[in-house]
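Everything on this sheet refers to the single structure shown next.
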Amino acid sequence: DINPTMQQVDIAIVLGANDVVNPIARTDNSPISGMPIIDVDKAKTVIVVKRSLSPGFAGIPNPLFAADNALMLFGDGKKVMQETVNAIKEA
């Protein structure tokens with residue numbers, strides 16, 4: 001339901017997801033072609049929190065991670081989010 005409005009989103013935070021946010025799913029000849037995804041790549045800024053750049057279950061790269069509007073934040077998702085919330089509270 002969010003996809004039609006994703007271009008209006010200022011910041012999308014992706015926490016540990018990979019295949020469900022992989023824009024390659026929109027490509028006809030990809031291994032995950034037609035898989036429902038969340039179009040986070042269409043948000044103005046995407047913050048991706050992951051432990052590493054390793055591929056997801058499908059075993060394919062995710063071009064979202066190298067997109068101009070994406071920032072990669074590596075670490076444990078719970079810890080990173082707790083630190084982020086604390087930093088915002090202190091600001």
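No value in this document is a laboratory result; all are computed from the given coordinates. Everything quoted here is computed from the prediction, not taken from an experiment. Methodologically, a virtual Cβ is constructed for each residue, glycine included, from the backbone with ideal geometry; neighbour enumeration extends over all protein chains shown.
Summary value for the chain: 29 percent relative contact order, contacts being C-alpha pairs under 8 angstrom separated by 6+ residues.
Counting only alpha carbon atoms, the long axis of helix 77-90 and the longest principal axis of the chain meet at about 40°.
Only helical DSSP H runs with n ≥ 4 go in: add -39500 (n - 2.57) per run for the chain, normalise by residue count and round the 222 nm mean residue ellipticity to 500 deg cm²/dmol.
The per-residue figure over the chain is -5000 deg cm²/dmol.
Shape class of the stretch 3-90 from the alpha-carbon gyration tensor: oblate, with a/c at 1.5 or above and b/c at least as large as a/b.
Annotation: peptides 44-53, 67-76, ranked by per-residue average of other Cβ atoms within 10 Å with the highest first, follow the order 44-53, 67-76. Note on residue 30 and residue 87: the model spin-label points, each 7 Å out from Cα along the C-beta direction, lie 2.8 nm apart.
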